[in-house]
Structures are given as C-alpha cells and as structure tokens.
C-alpha cells in the first residue's frame, strides 16, 4: 500500500496550524468529509462505538473491529487518517501489535491514551490514568513497531484525573519517549488552551467536543495559539442524530416523507456519495457483449 497519506499528514502538520479535522464514525461519513474538501479526518472511537454498537464510549470496540473500519475508510479516500486506538488494547506488547495492525490497515497516525482500561470518553467524569512510566513504555513500543512511518499521537487524560500541571508534566515525558503529536484532553479554560502549546513545544491536537468540558475555539484562533489539528470528533455524528430524529419524527407524524420536505438528501445525492456512477461505468466496461 502506498504511504503517501502518511507523508501528506507530516507535511500538513509541519506547514500549517488550525487544520480542521472532522471525525468519521464510518466510511460513509468519511466520504462526506472528503467530498466537502477537508484536509484530514479522524476515525473516532467514541463515534464508532456509538454508531456501530449503539453503546457509550466505554471501550467496547476491539482491535479487529477498529482495523476493519480503518480499512473501509482507507478504501474510499486518500486523505490523512488519524485513528483513535484508545489505550492500545492492553500493555506495551499489545500496543506494538495494535500499531502494526492499524498501520497495515491504512492509518496515517495512531492515537494512544494513558487512561486505565476500560477507558471512558474524555469528557465524562471519573477518568483514571496509568502511571506515566507505563505510558512511556507504550509510546516506545508504538514507535518501535511502526514500519512505514505512521505518526504516533500520545493523548493524556491527566487534566481530568490529576490536574493541569500533571498533564503538562506527562506531555514532556511523552515527547521524550518519541510521540510525534500530543493530545492533552479536556482543558477547561481559554487560559489552559493557550498554555499547552507554550509549555509543550511540539505539534498538538485540540479536541472540540460540542457540549464537553473544553471551551469551543474557532480554528483560526486555535492555530494562533499553536494547535496544528483542530479535532471535531463527533460533529458529523451529532448532526446525523439530529437529522435522523427530524426525518423519522416527520415520518411518524405525517405517515410519509418525500424529497420535497427537505429533511433528507436526495436519492441521486446518496448514490453520488457512495460512488455509484463509477461502478456503473465499470459495469459497462466489463459487460459481456
């Protein structure tokens, strides 16, 4: 598999700040993100768990399921893809296997976090983190396991579990261990947002969770603060939920729904997004005469 998407992500992070990175919960949402012209996307663990299993973000997905969805997304777009691998599915040895598996599946970057397993969404309450030394071992294992240069994203949930200073201290250790990008989850004020890139000189992801603990900051301001990637992991999912509720609510109340209501994409748009015209062309090319 060509690894151009990894090189593209490295170049993007080196050249730009404030890059909007929407989250995809499946391959269709990845198609929509690519179709709208975004430069990178993120396979969201929370969104995948919500959409695929209908369950909350409590580490119910396994590596096989995550790799399957990574391959599905890589199969329909060349955009850089950051994959949320939660805690790496175990200890340092498991993290190494996770990196090998997801790199082969098409990840451009793999995110590992320092929560105790089973993890929980960073914007829930009650996070616990493993010792920093254990997380350092996981990062080193991830770096050693990669073969094609996939980037390693180190996320810390220490802000919620142990406080802001503990998160900064861990960030320094994770950089020293070889992480390419840092992800300090759930800062709680604009002042904390500004201080993270100032005190940790490395590329950063800023996670914008609608309704979460971190104040919403536009991409331009986030870039000026020093954040390279501005993640909206589940804006597409939350928008889809709202849209499904509206369309299905109308169906329940009216007994019928059509395109004139404007609550659904058209049939033609749906087929365009999934690439039907391309497959129609192939069918004609390979048709038996």
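Taken together, the values in this text are just the output of simple stated rules run on the coordinates, not laboratory data. Given the structure is predicted, the values throughout are model-derived calculations rather than measurements. As a convention, Cβ positions derive from the backbone with ideal geometry for all residues, glycine included, and neighbour counts pool all protein chains shown.
What does the extension gain come out to for residue 210 and residue 252, with contour length at 0.36 nm per residue minus their alpha carbon separation?
Using 0.36 nm per residue and subtracting the Cα-Cα distance, I get 12.3 nm.
When the chain is fully extended, how far beyond the present Cα-Cα distance does residue 91 get from residue 189, taking 0.36 nm per residue of separation?
Length gained between residue 91 and residue 189: 32.0 nm.
Sort 209, 150, 116 by Cβ crowding within 10 Å, fewest neighbours at the top.
Result, fewest neighbours first: 116, 209, 150.
Work out, step by step, the length gained on full extension between residue 269 and residue 38: first 0.36 nm times the residue separation, then minus their alpha carbon distance; give nm to one decimal. All intermediate terms of the calculation are to be shown ahead of the outcome.
Values: separation 231, 0.36 × 231 = 83.16 nm, distance 1.89 nm.
This chain segment gains 81.3 nm when fully extended.
For the pair residue 169 and residue 4, how long in nm is the line joining their label points, each one 7 Å along Cα→Cβ?
Label at residue 169, label at residue 4, 4.6 nm between them.
Just to confirm the number: angle between the C-alpha axis of helix 63-74 and the first principal axis of the chain, 0 to 90 degrees, nearest 10?
Roughly 60 degrees, rounded to the nearest 10.
Using only Cα atoms, locate the centre of region 28-76 and the centre of region 124-164, then give the distance between them in Å, rounded to an integer.
The distance from the Cα centre of region 28-76 to that of region 124-164 comes to 20 Å.
If contacts are Cα pairs under 8 angstrom and at least 6 residues apart, what is the relative contact order of the chain in percent?
Values: 532 pairs, mean separation 55.5, N = 289.
Once normalised by length, the contact order is 19 percent.
Could I have the simple spin-label model distance between residue 128 and residue 104, label points 7 Å from Cα toward Cβ, reported in nm to one decimal?
Here the answer is 3.4 nm between the modelled labels.
Please give the FRET efficiency for residue 176 paired with residue 245, using the beta carbon to beta carbon distance and R0 = 51 Å, rounded to the nearest 0.05.
Calculated transfer efficiency: 0.65.
Can you tell me which of 141, 250, 161 moves the most in a GNM of the chain? Springs connect C-alpha atoms under 10 Å apart.
250
Quick check: pseudo-label points 7 Å beyond the Cα along Cα→Cβ at residue 260 and residue 282, how many nm apart are they?
It works out to 3.8 nm between the two label points.
Largest first and in whole Å, what are the equivalent-ellipsoid semi-axes of region 4-240 based on the Cα gyration tensor, each being the root of 5 times an eigenvalue?
Calculated on Cα positions only, the semi-axes equal 22, 20, 18 Å.
At 222 nm, what value in deg cm²/dmol follows for the chain if DSSP H runs of at least 4 each add -39500 (n - 2.57) and the sum is divided by all its residues, to the nearest 500?
Numbers: 13 runs with 138 residues, N = 289.
That calculation yields -14500 deg cm²/dmol at 222 nm.
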